[in-house]
Amino acid sequence: MVAQWLGPNGYEMTVEEYDFRTGGRYRYLHHDPKGGDYGFNGVFHVVRQNEFAIQTFEFEGLPDVVSIESLRFEDLGDGRTRLSGHAVYPTQEARDGMVESGMETGMRQGYERLESILDAS
């Protein structure tokens, strides 16, 4: 399912690994329409299903910059869930580099697609 929604509009996604459990890993590639590839990887340090997760996140286009992210899932009732995320980067420059890479746009578009998928089911 993650390949159907994660990432910017118009990009294809190849999931090489996605083991969403404590100690699991992930790696995936986004393929842009012009043939460019963008790799991402990390480790799931803590996963409590439907409640909380801590993971690392690395955009392979910015080597040596790894963020630590926490994700909280809040049951809102009526089949709805709020996802809250917080990312910490090693430096302000690293954080700014991620923002400049277009990450915010890709995340927003991905979550919009996820909402559409969930609304259709």
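The values are calculated or read from the model by the stated rules, or taken from the named source; none is laboratory data. The model shown is predicted, which means the values in this text are computed figures rather than measured ones. Neighbour counts run over all protein chains shown; Cβ positions are idealised from the backbone, glycine included.
Taking the conditions exactly as written (more than 18 Å from ALA87 (Cα to Cα), within 12 Å of the chain's Cα centre (by Cα), modelled with pLDDT of 95 or more and small (Gly, Ala, Ser)), does GLY35 satisfy them or not? For GLY35, the condition - more than 18 Å from ALA87 (Cα to Cα), within 12 Å of the chain's Cα centre (by Cα), modelled with pLDDT of 95 or more and small (Gly, Ala, Ser) - is not met. Residues in segment 47-84 that are more than 14 Å from ARG95 (Cα to Cα), in contact with a strand residue (DSSP E or B) (Cβ under 6 Å, 6 or more places away or on another chain) and among the small types (Gly, Ala, Ser): ALA53, SER70, SER84. Do we have any residue at all in segment 100-107 that's closer than 20 Å to PRO8 by Cα and part of a strand (DSSP E or B)? The answer is no, given that none of the residues of segment 100-107 is closer than 20 Å to PRO8 by Cα and part of a strand (DSSP E or B). Suppose we keep only residues that are out of contact with any strand residue (DSSP E or B) (no Cβ under 8 Å at 6 or more places or on another chain) and of a type in the set (Ser, Thr, Tyr) within segment 85-110. Which one would you say is surrounded by the fewest Cβ atoms within 10 Å (Cβ to Cβ)? Going through the qualifying residues, I end up with THR91.
Matching residues to (1) touching a residue at least 60 places away in the same chain (Cβ under 8 Å); (2) surrounded by fewer than 11 Cβ atoms within 10 Å (Cβ to Cβ); (3) under 26 Å from THR14 (Cβ atoms):
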position: TYR38; (1), (2), (3): no, no, yes
position: VAL43; (1), (2), (3): no, no, yes
position: GLU60; (1), (2), (3): no, no, yes
position: SER70; (1), (2), (3): no, no, no
position: GLU74; (1), (2), (3): no, no, no
position: GLY79; (1), (2), (3): no, yes, no
position: LEU114; (1), (2), (3): yes, no, yes
